[in-house]
Amino acid sequence: MRSFQVFGLGQCCLDYIGKVDAYPPPDVKCEFSDMVMQGGGPVATALVALARWGVSCTFAGVVGDDLFGSSIKASLDVEGIDTGGILVRKGFASQFAFIVAEPGVGRRTIFWRRPTGPPPNSEEIDYSLIRKAKVLHTDGFFIEASLAACRAAKEAGVPVVVDAGSLREGMLDLARLSDYFLASETFAKALVGADKPLEACYRLAGLGPRVAGVTLGPKGYVALAEGAIIERPAYPVEAVDTTGCGDVFHAGFIYGLIQGWDVYKSLDLAAWAAAMVSLKPGGRAGIPSREQLREKGYT
């Protein structure tokens, strides 16, 4: 029977990233340069990082039967990730994004289309793989399937890590089923109605997760770990493109969990790996290698 250390459920897409000197005003022509094409998606990219660091992963998500879908699956296959859980929806389109990166200010704007096919339902998830995993990782995009997967993981004693990018319907229910709930700054602001990330951590921790955190881009992160407040600045870098930084932050944290590290070391790897990703265009080209992890003492 197959088994994997991490079961991932969530978004997978194809990203086109173009670089501009500055984001343009409306109704003008704007030339971009250095366009690259890479696979993307919060969970899918996190699994790519983990696979490169020697962690066995399986991914469940949705693509269409289009060229993008084939490319998305191939981008995971080549990394050694099991893609048996990818559902190909016939006659539908895959998730796609075009990303405008501004290297001088280290930010990006994402234009995206969600997959047009039906989301996974709870009967389409392989719970046997979840029960044998060391971690379940989800972004909650397919909320019905995500909630069902998290319930199965909790019943089996499998830790649940959630990448909360947006405050969508059902995400707080997901927090109640999670062990580690790491949210974006956007999520935190929507949750508490203000720029108060620590308040968001307290609100989330009250729902049940052992660790509730908020990533703050160039400002670093804040987390509440079983009552202890952890605040750290970001690793200083000259960011080229911040696409994928949050995804790889989660990968770093999960790697630490699997290694049995404490939350401080796991978060430190998460922050460092995220900073490294920003040095190259796209969410995957800058993922630090296993050798780089060893050189930094993350082994």
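Could you go through the stretch 242-258 and let me know if any residue there is farther than 30 Å from Met35 by Cα and without any contact (Cβ under 8 Å) to a residue 60 or more places away in the chain.
Yes, the stretch 242-258 has at least one match.
For residues in the stretch 76-94 being part of a strand (DSSP E or B) and without any contact (Cβ under 8 Å) to a residue 40 or more places away in the chain, which is farthest from the chain's Cα centre (by Cα)?
The selected residue is Arg89.
Within the stretch 198-230, how many residues turn out to be more than 14 Å from Glu185 (Cα to Cα), among the acidic types (Asp, Glu) and either in contact with a Gly (Cβ under 7 Å, 6 or more places away or on another chain) or part of a helix (DSSP H, G or I) (or both)?
0
When you look at Gly61, is it surrounded by fewer than 20 Cβ atoms within 10 Å (Cβ to Cβ), modelled with pLDDT of 95 or more and within 26 Å of Pro159 (Cβ to Cβ), yes or no?
no
Output the number of the condition that Ala194 fails; it satisfies all remaining conditions of (1) surrounded by fewer than 17 Cβ atoms within 10 Å (Cβ to Cβ); (2) within 20 Å of the chain's Cα centre (by Cα).
Condition not satisfied by Ala194: (2).
Any residue at all in the stretch 216-230 that's touching a Ser or Thr at 6+ places or on another chain (Cβ under 8 Å) and over 24 Å from Val6 (Cβ atoms)?
Yes, because at least one residue in the stretch 216-230 is touching a Ser or Thr at 6+ places or on another chain (Cβ under 8 Å) and over 24 Å from Val6 (Cβ atoms).
Within the group Phe68, Phe7, which residue is closer than 21 Å to Glu124 by Cα, touching a residue at least 12 places away in the same chain (Cβ under 8 Å), aromatic (Phe, Trp, Tyr) and crowded, with 17+ Cβ neighbours inside 10 Å?
Answer to the check: Phe7.
The values are calculated or read from the model by the stated rules, or taken from the named source; none is laboratory data. Since we're looking at a predicted model, the values are computed, not measured. Every residue, glycine as well, gets a Cβ built from its backbone with ideal geometry; the counts of neighbours run over all protein chains shown.
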